[in-house]
Amino acid sequence: MSIGMHPNTETASRILASNEMFSFLLDILPLDSGEEGDDEEGGGGGGGAAQIINEKIEFIRERIPADKSPDYPGRQFEITKIGIDRKESKPFQNCFIQEFERINKLCETITLTLTTLKLAQEGKASFTDEIETAMSCLLLERIPEFWMKWSFPSLRNLTSWMNVIKLRLEYLGEVFGAIDTIPRVV
């Protein structure tokens, strides 16, 4: 126990130190796919970091369909098709319309990032700072900061956060179909 620290302060400082230590450990983990036998047999087929990134890209693409809007890849909701005049919308409708806009922007940003990352891996696009950040975050199970700009605050890892995004998209899809009624849970 530290001298002069309140027990709550000591707990908070230990949690912070532990989080920093585990973050450091994640940073120094070897970047292999975890599949055994690839190195001994010589059949890796692009294992390591590239394989992890490709697996994460597929995982994310399963949760965010990119083909709902032909003009805007990643867009999930066509807000113009709701048929509500924004000037005459009710407060709950306005709130949901804003949420549709925000989730659309998030999904578009994620889709564009993953598409550009895939092209960069194939040598058809250049690696920008944003793409390198996204690649690093995918490897370390973190959410890129530029995705969080359009998201809700979260301390989850990438996999858990993507599962929440999928659930949120499903819920908003239900609301989108019946925007005139207030859902039981808001």
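Descriptive notes on the structure:
- Axis of helix 91-122 versus longest Cα principal axis of the chain: the two differ by about 40°, to the nearest ten degrees.
- In whole angstrom, the chain maps to an equivalent ellipsoid with semi-axes of 35, 28, 14, each derived as √(5λ) from the alpha carbon gyration tensor and ordered largest first.
- Total formal charge among the other residues, if their Cβ is under 14 angstrom from that of Lys149, Lys/Arg +1 and Asp/Glu -1: -2
- Protection proxy ranking of 107-115, 14-22 - average other beta-carbon atoms within 10 Å, highest first: 107-115, 14-22
- 0 to 90° range, to nearest 10: angle between helix 129-139 axis and the chain longest Cα axis: 70 degrees
- Cα-projected label distance for Glu122 with Asp71, points at 7 Å along beta-carbon direction, nm: 2.6 nm
- Close amide H pairs (under 5 Å, H built 1.01 Å from N) link Gly48 with Ser33, residues at least 5 positions away or on another chain.
- For the range 106-186, diffusion coefficient by Stokes-Einstein and Kirkwood Rh (Cα), 25 °C, 0.890 mPa s, µm²/s: 171 µm²/s
- Mean separation of Cα contacts under 8 Å (6+ apart) over length of the chain, as relative contact order %: 20 percent
- GluC sites (Glu not before Pro) lying in DSSP loop within the range 143-186, provided at most 15 other Cβ fall within 10 Å: none
No lab work stands behind these numbers, since they all come straight from the coordinates. Since the model is a prediction, treat every value here as computed from it, not as a measurement. Reconstructed Cβ throughout: ideal geometry from the backbone, glycine too, with neighbour counts over all protein chains shown.
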